[in-house]
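Asker: Structure provided below as structure tokens; questions to follow.
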Amino acid sequence: MTIRNPCWIYRGAAAAGRIAVGVAALPFNFQFADDISPPPVPENRNELVIRRGCNGPVLATVSLAGVARDGVAHELVVPLPPGVGRADLCFVLARSGSDPLWVLGWVEPRP
């Protein structure tokens, strides 16, 4: 994980039912020495992508269009497909540009 290609891993998550995620939009206030090009983005959209492991199948995607860009973590409750069980979950906040910088505040399994 780097600031230029962020992902978060929840190892051994009890992923049955749903997962709640706190997502916030922050200003992108980073400089990379002489590199003025924008950071690469994992996808060309603003959404949360949840995968089984870093290279595994996509379990869920949720649009970030309704999340206020106020720097506060807003809760998204995401249904997961049946049968996920205990798994390493990879969270990627795919964005269409470098600003805002989408971040995770917390993750919590829900029944």
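Just so you know, all these numbers are worked out from the coordinates, no wet-lab data involved. This is a predicted model, so every value here is computed, not measured. Ideal geometry is used to build each Cβ from the backbone, glycine not excepted, and the neighbour counts take in all protein chains shown.
Asker: Please enumerate the residues belonging to region 89-111 that are under 22 Å from Ala16 (Cα atoms) and part of a strand (DSSP E or B).
Answerer: First, the residues of region 89-111 that are under 22 Å from Ala16 (Cα atoms): 89-93, 104-111.
Leu89, Cys90, Phe91, Val92, Leu93, Leu104, Gly105, Trp106, Val107, Glu108, Pro109, Arg110, listed by residue number.
Asker: Another question, then. Taking region 81-99, which residues are buried (at least 19 other Cβ atoms within 10 Å of the Cβ) and closer than 17 Å to Asp70 by Cα?
Answerer: Leu93, Arg95
Asker: Which pairs do you get when a residue that is of a type in the set (Lys, Arg), found in region 95-111, comes within reach of a residue that is part of a strand (DSSP E or B), reach meaning Cβ atoms under 9 angstrom, with the pair 6+ apart or on two chains?
Answerer: Every condition considered, the pairs that remain are Arg95/Glu47; Arg95/Leu101; Arg95/Trp102; Arg110/Arg18; Arg110/Ile19; Arg110/Ala20; Arg110/Val77.
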